[in-house]
Amino acid sequence: MHNLECIDVDLKERSYKIYIGFDILKGISDILRDLGAGKKVVIITNPSVNKFYGEAVNSGLRGAGFDSHTVEVPDGEEFKTIREAERLYDELITLKVDRGSTIAALGGGVIGDLAGFIAATYMRGIPYIQIPTSLLAQVDSSVGGKTAVNHPEGKNMIGVFYQPRAVIIDTKTLRTLPREELLAGLAEVVKYGIIADADLFEYLERNIKAVLLLNHDALRYIIKTSCRIKGSVVELDEREAGYRAVLNFGHTIGHAIETLTQYRDFRHGEAISIGMVYAVRLSEEMGFCARDDSSRIENLLSNIGLPTQLPDLEPDDIIASIYLDKEVRNDKIRFVLTEGIGKVKIEEDISPDILRKILEKR
Ligand code: NAD
Ligand code: GLY
């Protein structure tokens, strides 16, 4: 297909390509053919995404001779459940899906995580591809093979690492994405700049208007760069033995904010934006990062339109919530910090006192 850029994720026999282009949904059949995919394809999507993009994917596949079917899941995080997965297994059995079939996850991170989980578990694993349509899914969740459903006791509690056969990113889909969702995805792009790429960070500083106006070249650059960074982290530590945790920059305080506000007040990216501001302040307090870098980070996030101030939560409640999180091992708070824009550092033992100090400064 013309107009496509390609990034390799090298994971030996689980390697795959990330394709990035504009208006490419109709041509997905070419990629499936190159993968040697069987005839049957089941598109898992939700009504909000299906109404915009289902037809292009489905008709493109059918026109190329694939036996393509669409299965919908209601829109929302509350449907990323084992119950919904069970309902989908029933549909797959009715459609006579087998190990030669392919699942295509068409949607945001909720659809990607759920469809990936189903692909990983149905008949002990069948091939799947990711067709992410939210910015968050395009720069983060579609790459790296984390699949999961939620449990009432916690998000993403039930899951498995299972890599897709390909990730196909059509930047044109971002035109229909609600603006708040675009901003939430941008928080993750800023994160990549902070942890790994000072040029990406500077690019965002200089070109944020173009990004927010969905300029094609700007989107392509930030998505491509983000995918390259995520892919290279996953190549080094596919199953999160250690290093992959750098992707959690901003997530320690971010998760505490999401939990303490019952996931109601903030999108994930918004909570991460606040979490990043405080992670940078902590880095500065500990002498790892200069004041100038921490001001640039806060300025960029607020220029994007992301929140940077803690909501009205008690510092001790935030600390207590962090202690319940998976970032705490042997009672020690592990924290991803920065040594300046483009450089990441994992600290294994952060004291509650220093955390309280930065959380008290509003
Ligand atoms: P989402 O999937 O709920 O999508 C956000 C909203 O945008 C939804 O209403 C969706 O229907 C809509 N939407 C998506 N694409 C659209 C488009 N092009 N046009 C119009 N509407 C569109 O949320 P998300 O932010 O994409 O993903 C969040 C999920 O991702 C969470 O469940 C989170 O746990 C998961 N996640 C997974 C990983 C991973 O590594 N697997 C990483 C980060 C997040
Ligand atoms: N979003 C974090 C990870 O994929 O590891």
Next item on the list: Just name one of Thr252, Leu300, Leu313: the one whose Cα is farthest towards the positive end of the charge dipole of the stretch 246-325 (beta-carbon charges, Lys/Arg +1, Asp/Glu -1).
Entry: Leu300
Next item on the list: List the lysines whose Cα lies under 20 Å from the Cα of Lys40, skipping any in the same chain that are fewer than 8 positions away.
Entry: Lys26, Lys96
Check: How far, in nm, would the chain grow between His151 and Met123 when pulled straight, counting 0.36 nm per residue and subtracting the alpha carbon separation?
Finding: 7.9 nm
Margin query: Can you compute the modelled spin-label distance between Ser232 and Ala210, with each label point 7 Å from Cα toward Cβ, in nm?
Written below: 2.2 nm
Notebook entry, point to check: Which translational diffusion coefficient, to the nearest whole µm²/s, is obtained for the stretch 178-265 from the Stokes-Einstein equation, given a Kirkwood hydrodynamic radius over C-alpha pairs, 37 °C and 0.692 mPa s?
Noted result: 231 µm²/s
Note to self: Quick check: net charge around Leu214, other residues with Cβ under 12 Å of its Cβ, Lys/Arg +1 and Asp/Glu -1?
What the structure shows: +4
Next item on the list: Counting helices only, and only those DSSP H runs with n ≥ 4, report the 222 nm mean residue ellipticity of the chain as the sum of -39,500 (n - 2.57) divided by its residues, in deg cm²/dmol to the nearest 500.
Entry: -14000 deg cm²/dmol
Item checked: Neighbour-count ranking [beta-carbon atoms within 10 angstrom, fewest first] of Ser68, Ser15, Ser29 -> Ser15, Ser29, Ser68
Checklist line | Simple spin-label estimate for Glu91 and Asp10 in nanometres, 7 Å along Cα-Cβ | finding: 3.8 nm
Check: So for the pair Glu202, Ala290, with labels modelled 7 Å out along Cα→Cβ, what separation do we get in nm?
Finding: 1.3 nm
Check: Which of Leu260, Leu182, Leu88 moves most in a GNM of the chain, Cα contacts under 10 Å?
Finding: Leu260
Notebook entry, point to check: How do Tyr203, Tyr263, Tyr128 rank when sorted from fewest to most other Cβ atoms within 10 Å of their own Cβ?
Noted result: Tyr263, Tyr203, Tyr128
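Tell me, in nm to one decimal, what length is gained between Leu313 and Thr70 on full extension, where the rule is 0.36 nm per residue of separation less the Cα-Cα distance?
On the way: separation 243, 0.36 × 243 = 87.48 nm, distance 4.35 nm.
Gain on extension, Leu313 to Thr70, equals 83.1 nm.
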Item checked: Residue exposure sequence - Cys6, Cys227 - by fewest surrounding Cβ within 10 Å -> Cys6, Cys227
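Report the net charge of residues surrounding Glu238, where surrounding means a beta-carbon distance below 11 angstrom and charges are Lys +1, Arg +1, Asp -1, Glu -1.
Working: positive: Lys12, Arg14, Lys146, Arg239, Arg244; negative: Asp10, Glu235, Asp237, Glu240.
It works out to a net charge of +1.
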Next item on the list: Among the lysines, select those whose C-alpha is under 25 Å from the C-alpha of Lys12, and discard any that sit fewer than 8 residues away in the same chain.
Entry: Lys146, Lys224, Lys230
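Using only alpha carbon pairs under 8 Å that are at least six residues apart, calculate the relative contact order of the stretch 1-116 and give it in whole percent. Mind dumping the intermediate values first?
Details: 154 pairs, mean separation 32.6, N = 116.
Relative contact order comes out at 28 percent.
Provide the gained length on full extension for the span Phe161 to Arg62, in nm with one decimal, where the gain is 0.36 nm per separating residue minus the Cα-Cα distance. Could you put the intermediate results ahead of the total?
Values: separation 99, 0.36 × 99 = 35.64 nm, distance 3.02 nm.
Here the answer is 32.6 nm.
Laboratory data are not the source of any read-out in this text; all were calculated from the coordinates shown. Predicted model only: the values in this text are computed from it and were never measured. Here the Cβ is made from the backbone with ideal geometry for all residues, glycine too, and neighbour counts use every protein chain on show.
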